[in-house]
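Everything below concerns the one structure shown next.
The values are calculated or read from the model by the stated rules, or taken from the named source; none is laboratory data. None of the values given here were measured: they were computed from a predicted structure. Note: ideal-geometry Cβ built from the backbone for every residue, glycine included; neighbour counts use all protein chains shown.
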Amino acid sequence: MKKWIAYMGAGAIALTLAGCGESAEPSEETDPNETSDLTLEELFAETTAASEEAKSFHMDMVTNQTMAMGPEMDMDMKMDVSMDMTVEPLAFYQKAQSTFVSEGMDDMPAMETEMYYTADGLFSYDPMMDMWVKLPADEMEDLEALMMMEQQSGDLAGQLEQLEAFQDDFTFEQTGDEFVLTLDAAGEEYEKLITEEMGQMLGELDVEAQEIMDGMNINKIYYEIFIDKETYQPNTINMTMDFDMEMEGESVNIQSDMQAEYSNFNGIDEITVPAEVIENAEEMNSY
């Protein structure tokens, strides 16, 4: 599921960049003096340039997800994530709180986790064991490949041509402070597009990841992206998704709603793992 979240984050950015040469439609509340004539193609160029200058940022993300696994087997999950990330070098510090509610089961207490990823490795706090653990060195290669895909997903010039066929379904609006991009996607043509994009992001990581894609049926996706008019950086990305997938031979319907807010661009100098974490962490396969 962590892989899935990463791919959809990259896919959300990719799908914002379809469109035509018209400027954004102002909302009713927008002051005419604050209206921009920037076209979607020009906005793409500006956001691409801005992304190249973004060396760090902060993100707050809330995800609500419902998994329907059959009669009386629904599970609800809520995850709150706060993360600092640097791009060069690629590193992050993350705190998260997850809650799970399932029919027929006692509510589980909220689980709080903490994680560092730097050149020193991946360190995660295990609340069940009340200890820090480190990802084994032989598993770091796959993680680094995944993180590099995340980093490279901002190179989206090639996406415009693929998305051109859907430009009439894309809404491009503006308020006084932001550009607002909206895509409400459903149907086989969108499913093929999104599956191809996700498949490219999966690359050659592992067979398990490819099997997830093969067993996935995307019913509906809705994106809403708010881009700051002054900085051309994303302020907010909202995503709602309804899809089916095969898990251990059973069909599972998943409905996911995500809101991500971005801030503090270029305000983070360095992410370091505290010395006590490095000294006390045990490798995951050694306890």
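Scanning region 171-185 for residues that are in contact with a Ser or Thr (Cβ under 7 Å, 6 or more places away or on another chain) and surrounded by 14 or more Cβ atoms within 10 Å (Cβ to Cβ) returns E173, Q174, T175, G176, L181, T182.
Conditions (1) at pLDDT 95 or above; (2) surrounded by 15 or more Cβ atoms within 10 Å (Cβ to Cβ); (3) in contact with a Pro (Cβ under 8 Å, 6 or more places away or on another chain); (4) of a type in the set (A, V, I, L, M), marked per residue:
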site: T48; (1), (2), (3), (4): no, yes, no, no
site: E53; (1), (2), (3), (4): no, no, no, no
site: F57; (1), (2), (3), (4): no, yes, no, no
site: D60; (1), (2), (3), (4): yes, no, no, no
site: T66; (1), (2), (3), (4): no, yes, no, no
site: M73; (1), (2), (3), (4): no, no, no, yes
site: K78; (1), (2), (3), (4): no, yes, no, no
site: T86; (1), (2), (3), (4): no, yes, no, no
site: L90; (1), (2), (3), (4): no, yes, no, yes
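Close Cβ contacts (under 7 Å, 6 or more residues apart or on different chains) running from residues in region 254-275 that are over 30 Å from D184 (Cα atoms) to residues that are outside any strand (DSSP E or B) and modelled with pLDDT under 95 comprise N266/A54; N266/K55; V273/D120. Within region 91-129, if we keep just the residues that are more than 20 Å from D80 (Cα to Cα) and among the acidic types (D, E), the residue that is nearest to the chain's Cα centre (by Cα) turns out to be D120. When D120 is tested against (1) among the acidic types (D, E); (2) surrounded by 15 or more Cβ atoms within 10 Å (Cβ to Cβ); (3) in contact (Cβ under 8 Å) with a residue 60 or more places away in the chain, only condition (2) is not met. Taking interchain pairs and intrachain pairs at least six residues apart, which have beta carbon atoms under 7 angstrom, with the first residue in region 78-97 and farther than 19 Å from M258 by Cα and without any contact (Cβ under 8 Å) to a residue 60 or more places away in the chain and the second surrounded by fewer than 17 Cβ atoms within 10 Å (Cβ to Cβ) and aliphatic (A, V, I, L, M)? Cβ pairs passing all conditions: P89/A119. Contact map, region 45-59: residues that are part of a helix (DSSP H, G or I) paired with residues that are modelled with pLDDT of 80 or more, Cβ distance under 6 Å, separation 6+ or inter-chain. Pairs shown: E46/Y232; T47/Y232; A50/Y232; A50/Q233.
With D269, D242 as the choices, which residue is among the charged types (D, E, K, R) and assigned to a strand (DSSP E or B)?
On inspection, the qualifying residue turns out to be D242.
Scanning region 30-46 for residues that are modelled with pLDDT of 75 or more, closer than 13 Å to Q174 by Cβ and of a type outside the set (S, T, N, Q) turns up D37, L38, L40, E42, L43.
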